[in-house]
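Data block below; observations after.
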Amino acid sequence: MITAILIPHDDDSPLQRVEINAEDLATIQGIVEGSFEVTNLDDPPASIFSNDEAMLWSLPYNLRATLLVWMLAKGLRGRINVAGNALLVGQADKNGRTKSVPRALVKLLLETDTYLIERQHRPDGPWVKDSHTFNNWVEAFNFAIVQEEKYAAIQDTRVLGA
């Protein structure tokens, strides 16, 4: 059994910590409502399982899962949109076994009440705190993405608990 985070497509439904058997494909297919694809995130290393036929079946857009991909796999920003329910897990190990979602993501997404953004102007430069704070991670991720896309001087952004 591994720990995962269920990201419902319905924004009014809270994220849920769930325990699943990552080897039980039927369970994962039940959660994402069909066959699934895996999108790997960079930092921290995690993966999102989502329905790979979501657009064919017109499943509802999943803003929260999409923002996670765009923030934590920046090379996929604007190229991947998640629809339907999604499941956040840890990346597979060298033997291909899916691991539990990283503790840092559990803490950030499920246990934090206030968020702040840090930005970096040079890849080797210091992280600078932004003066804004946010009451939920969705607003913080969205703000960070917009800042990074809008201002050429910002090389990178990250969201932390305040």
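Remarks
- Within the range 72-84, the set of residues being open to solvent by 10 Å² or more (accessible area, probe 1.4 Å) and either part of a loop (DSSP other than H, G, I, E, B) or in contact with a strand residue (DSSP E or B) (Cβ under 9 Å, 6 or more places away or on another chain) (or both) comprises LEU72, LYS74, LEU76, ARG77, GLY78, ARG79, ILE80, ASN81.
- Scanning the range 80-97 for residues that are closer than 18 Å to ASP43 by Cβ and of a type outside the set (A, V, I, L, M, F, W, C) turns up GLY90, GLN91, ASP93.
- Single residue of the range 12-47 satisfying the filter (in contact (Cβ under 8 Å) with a residue 60 or more places away in the chain, under 17 Å from the mean Cα position of the chain (by Cα) and assigned to a loop (DSSP other than H, G, I, E, B)) that is nearest to SER100 (Cα to Cα): PRO44
- Screening the candidates GLY96, GLY84 for the property of being in contact with a helix residue (DSSP H, G or I) (Cβ under 7 Å, 6 or more places away or on another chain), on the phi > 0 side of the Ramachandran plot and not acidic (Asp, Glu) yields one hit, GLY84.
- Some residue of the range 59-70 being among the aliphatic types (A, V, I, L, M), out of contact with any strand residue (DSSP E or B) (no Cβ under 9 Å at 6 or more places or on another chain) and either touching a residue at least 24 places away in the same chain (Cβ under 8 Å) or part of a helix (DSSP H, G or I) (or both): yes
- Candidate set: the range 49-64, residues that are among the small types (Gly, Ala, Ser) and open to solvent by less than 20 Å² (accessible area, probe 1.4 Å); chosen: the one nearest to ALA144 (Cα to Cα): SER50
- Residue list for the range 109-135, restricted to those being in contact with a Ser or Thr (Cβ under 9 Å, 6 or more places away or on another chain) and within 18 Å of LEU15 (Cα to Cα): THR114, TYR115, PHE134, ASN135
- Candidates ASP42, ASP11: the one that is at pLDDT 90 or above, exposed (fewer than 15 other Cβ atoms within 10 Å of the Cβ) and over 19 Å from ASN136 (Cβ atoms) is ASP42.
- Residues in the range 106-162 that are of a type in the set (A, V, I, L, M), farther than 23 Å from ARG17 by Cβ, open to solvent by 20 Å² or more (accessible area, probe 1.4 Å) and in a helix (DSSP H, G or I): VAL146 only.
The values are calculated or read from the model by the stated rules, or taken from the named source; none is laboratory data. Just so we're clear, the structure is a prediction, and the values are computed from it rather than from any experiment. Counting neighbours? That spans all protein chains shown, and the Cβs are built from the backbone with ideal geometry, glycine included. These area figures cover heavy atoms from the full protein model, side chains too; ligands, DNA and RNA do not enter into them. Shrake-Rupley method; radii C 1.70, N 1.55, O 1.52, S 1.80 Å.
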